[in-house]
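The values are calculated or read from the model by the stated rules, or taken from the named source; none is laboratory data. Worth saying up front: this structure is predicted, and the values here are computed from it rather than measured. A quick note on method: Cβ atoms are made from the backbone with ideal geometry, for glycine too, and the neighbour counts reach across all protein chains shown.
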Amino acid sequence: MSFAEILVVALALSLDAAAVCLAASTAGFVTNERAAFRLYFHFGLFQFLMPVLGWALGNTVEPLVTGIDHWVACTLLVIVAARMIYAGLVGSDTMSVNDPSRGLTLVMLSTATSLDALAVGLSLAMLRVRVLYPSLVIGIVTALMCMAAIAIGHRVSGALGKRAQLAGGAILMLIAARILIVHLRG
C-alpha cells in the first residue's frame, strides 16, 4: 500500500472518532488539556491497536467479527449518546458521571469508533500487507483529527450554550445510525 492509500484509509477511519471529540468538546466535557489528551490519545491508541489485532486474528475470525461489529458499535454509541442527552435535559450536575473523557465511557467510545479499524486489519492480513506502518499512520491521523475536532468544538460550544450536550448526544446518535445504515446496506 502506498502512503496516499494509507492516508485515505486513516482519514476515513478517523472521522467517527473526530465526530465524537467534536461532540464531547462542544458539550463542554473537554474543559482542560488533560481531558483533551485523554480523548485524542485513547482514540489514536485504539485506532492503532485495532488493525494490529485484526491483522493478528487474520481470516479465522473475520466472519464472526463482521457479523456483529456494527451492532456493538451502534449500541455503545447509543448508550453514551443517551447519557449525554439525559445530562443535557436534567442539568450540568450530572456532567462528571457522563464525562466521555474518563473511565468506561472513554473505553466504550474508543472501542465503538475503532471497530472498522479491526476490519481493516483483517483486510491487511488477507492482502499480506505488513500492519505496523499503516496502523501507526492510522493512529497518528486519528489523534490529529481528534485534536482539531476538540479545538473546533471549543469554538462552537459558546454559541450553543446549554444545548451543547443535546447537540453532542444527537451527533453520536447520527453516527450510530450511519453505522447501521452502512452495514445493513452491505
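Quick look at the values:
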quantity	calculated
Sole exception among (1) surrounded by fewer than 24 Cβ atoms within 10 Å (Cβ to Cβ); (2) at pLDDT below 85; (3) under 15 Å from the mean Cα position of the chain (by Cα) for Leu184, by number	(3)
Count of segment 29-54 residues which are modelled with pLDDT under 90 and either crowded, with 22+ Cβ neighbours inside 10 Å or under 14 Å from the mean Cα position of the chain (by Cα) (or both)	3
Residue list for segment 128-140, restricted to those being in contact (Cβ under 8 Å) with a residue 24 or more places away in the chain and part of a loop (DSSP other than H, G, I, E, B)	Val129, Val131
Meets criteria (modelled with pLDDT of 90 or more, closer than 19 Å to His183 by Cα and not small (Gly, Ala, Ser)) for Thr75	no
Residue within segment 55-70 that is of a type in the set (Gly, Ala, Ser), modelled with pLDDT under 85 and part of a helix (DSSP H, G or I) present	yes
Contacts under 9 angstrom Cβ, first residue in segment 175-186 being under 16 Å from Ala23 (Cα atoms), partner of a type in the set (D, E, K, R) and part of a helix (DSSP H, G or I), 6 or more apart	Ile175/Asp16; Arg178/Asp16
Residue identified as at positive phi and touching a helix residue (DSSP H, G or I) at 6+ places or on another chain (Cβ under 9 Å) among Gly44, Gly28	Gly28
Filter result (touching a Pro at 6+ places or on another chain (Cβ under 9 Å) and either at pLDDT 80 or above or loosely packed, with under 15 Cβ neighbours inside 10 Å (or both)) within segment 78-107	Leu106
Ala164 farther than 25 Å from Trp71 by Cβ, modelled with pLDDT under 95 and either surrounded by 22 or more Cβ atoms within 10 Å (Cβ to Cβ) or among the acidic types (Asp, Glu) (or both)	yes
